[in-house]
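The values are calculated or read from the model by the stated rules, or taken from the named source; none is laboratory data. Keep in mind it's a predicted model, so treat the numbers as computed, not measured. Cβ sites come from the backbone with ideal geometry, for glycine too, and all protein chains shown count toward neighbours. Only protein heavy atoms, including side chains, enter the accessible area calculation; ligands, DNA and RNA are left aside. Shrake-Rupley method; radii C 1.70, N 1.55, O 1.52, S 1.80 Å.
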Amino acid sequence: MTQNVKADILDSKRCQITLGVEVPSLEVKNEIEKNYLKLQTKVKLPGFRKGKVPMDIVIKKFSQTAEEDAVNNLVSVALNQVIEEKKIDAISCTQIEDLKFEKEQPLFFKAKIEIRPEFEVRGYKGISVNKKKVDVVSKDVQDAINNLQERNAQLVDSNRLIVEKEDFVFINYQGFSGEEILEEWSGKNRLINMAWDNFVEGFNQQLIGAQKNKEKEITIKFPQDYNKKNVAGKKVVFKVEVLEIKTKNLPSLSDDFAKDMGCSDLDDLKKKIEENIKKEKEFQSKQDMEEQLIAGLIKNNFIDVPSSQVDNRLNYLVSKAKKYIVQQGLQPEQAGLTDEALKKKYKDEAYKQVQLFYIFGAITQKENVQISEEEIKNEIEKMVNAAKQKDKEKVKKHFKENKETISQRLLEKKIFDFLVENAKIIKK
Amino acid sequence: MLLDVYQIIKKPHITERSNVLKSRDNKYVFVVDIRANKSEIKKAVEELFKVSVTKVNTLIMHGKKRRMGKHEGMRSDWKKAIVTLKKGESIKELEQA
């Protein structure tokens, strides 16, 4: 448009400035006229062919449309121009207010604009972090092997007729509240792990000593605050029939077991487990360090960030969390996680992430960190090879389309490496 | 007189043609009651818009055939009046903005 747009910065605080913008009346008039001309070619009125409606009638009938359009257009054009002229590093315009428009008068409005936070990144070198020592003790390995055994355990029939503490029991059961059968507390062929009291509290305790193929009554008094309302505070009698009693049979530690696990022998298995544990611990220690670095960075560079970006990030985090909950087979509302609760939970995190985004950006610029095409290509190659999918070409294509993300991730990694290099590492 | 002025003159007839007549010949076109005659229309326009009328031409527009499914019907006939004003006068109510 024009040189004549007047603009003042009325207010500036916390990444948000308020601009007062005035567009001269001539501009407004021109804009409206332009709109009329445009409308004239478009509108259709009874009695006139399209495009043949005389101007005076267009003006009479469509003045509101034309003026509204003109104002909308002028506001955005003027705003863009002002932003460019004043070299404002704008992110978004959150609000237009105090819009004053009258015919033959200058147009005036206030705009709230969010700007990129300006700050000098400091203290990103020499952040002191505790580095956990990575060492694998034999107990870790033993635990892992025990775990592996547990997982490959098989249930075998025990020849006993009486239920004992560590057994696995298949039962039919019916729950009664007085005379009434409770359908949701009845079932057939349910597996009860005696060592894990997860069915109803106190149930397993009473099941000990039950005889196979005989019925036993178990009485449970549900606590007042039990989460299922219909039984809370009530006494429920379960009629239980024990169908089978099984015990867990752990595979013995032998070369055969190792072979089943895909290793050549027992020593090999142990070695592999040790390696895995070491890798995991190293990863954890690295993550731990990264978290400390992030905390340090934010402490040294606590900046104000635009709230709209925080909101965006927050929405993203919340939707991600919700998706995760749904994947677990829960309804978010049921789990007591309404949008509000989630938002509250992730508010600080979102703020932190946006801060970090800017801090990283500043470090990138200051230290001139760059990611070359070559690096991206190598990374893609690596990821393609690691992918389990058969169709490697497809995978490659997918990654290539997401180059931006990959390069962003590489950059982040590089910065972390840089930070770690320059950090004061305290070994523990 | 049977009809009052508001009943005689129903509305201005605004079309491309009427627009041309207005700007070229200072003629105004109205939709009028089909029973009204020229002298009544002249009086009505003069009273309503406070102008002097030099001539009134009228014609009856025949209603078009319209059909809703199998039911055929006619739109009503109506009278159009072309009113010429004295030179230099105009009806400001019908001048746009």
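Structural remarks
- The residues in segment A:82-103 that are at pLDDT below 75 and among the acidic types (D, E) can be counted, and the count is 1.
- Condition check for B:N57 on (1) touching a residue at least 12 places away in the same chain (Cβ under 8 Å); (2) away from chain A (no Cβ under 14 Å); (3) assigned to a helix (DSSP H, G or I); (4) open to solvent by 30 Å² or more (accessible area, probe 1.4 Å): one failure, at (3).
- Checking each residue in segment A:128-142 for being closer than 21 Å to A:E421 by Cα and assigned to a loop (DSSP other than H, G, I, E, B) picks out A:K132, A:K133, A:V134.
- Test: residue in segment B:84-96 that is of a type in the set (D, E, K, R), outside any strand (DSSP E or B) and under 12 Å from the mean Cα position of the chain (by Cα): no
- Note on segment A:287-306: residues that are closer than 30 Å to A:K139 by Cβ and either among the β-branched types (V, I, T) or open to solvent by 90 Å² or more (accessible area, probe 1.4 Å) (or both) total 1.
- Selection of segment A:348-393 for residues being closer than 14 Å to A:N301 by Cβ, out of contact with any helix residue (DSSP H, G or I) (no Cβ under 8 Å at 6 or more places or on another chain), of a type outside the set (G, A, S) and open to solvent by less than 80 Å² (accessible area, probe 1.4 Å) yields only A:Y358.
- Residues located in segment A:30-76, provided they are open to solvent by 50 Å² or more (accessible area, probe 1.4 Å) and away from chain B (no Cβ under 14 Å): A:N30, A:K34, A:L37, A:K38, A:T41, A:K42, A:T65, A:E68, A:D69, A:N72, A:N73, A:S76
- Residue check for A:Q105: open to solvent by 60 Å² or more (accessible area, probe 1.4 Å), of a type outside the set (D, E, K, R) and within 14 Å of chain B (Cβ to nearest Cβ): no
- Filter result for A:K139 (in contact with a strand residue (DSSP E or B) (Cβ under 8 Å, 6 or more places away or on another chain) and exposed (fewer than 13 other Cβ atoms within 10 Å of the Cβ)): no
- Some residue of segment A:273-284 being open to solvent by 80 Å² or more (accessible area, probe 1.4 Å) and under 30 Å from A:G187 (Cα atoms): no
- Leading residue by the ranking (nearest to B:L94 (Cα to Cα)) among those in segment B:24-37 that are under 16 Å from the mean Cα position of the chain (by Cα) and surrounded by fewer than 15 Cβ atoms within 10 Å (Cβ to Cβ): B:D25
- Taken together, the residues in segment A:215-232 that are closer than 17 Å to A:I181 by Cα and assigned to a loop (DSSP other than H, G, I, E, B) amount to 6.
- Any hit, segment B:6-16, residues being without any contact (Cβ under 8 Å) to a residue 60 or more places away in the chain, more than 25 Å from A:K52 (Cβ to Cβ), open to solvent by less than 100 Å² (accessible area, probe 1.4 Å) and out of contact with any helix residue (DSSP H, G or I) (no Cβ under 6 Å at 6 or more places or on another chain): yes
- Within segment B:3-23, if we keep just the residues that are basic (K, R) and either assigned to a helix (DSSP H, G or I) or within 14 Å of another protein chain (Cβ to nearest Cβ) (or both), the residue that is farthest from B:L94 (Cα to Cα) turns out to be B:R17.
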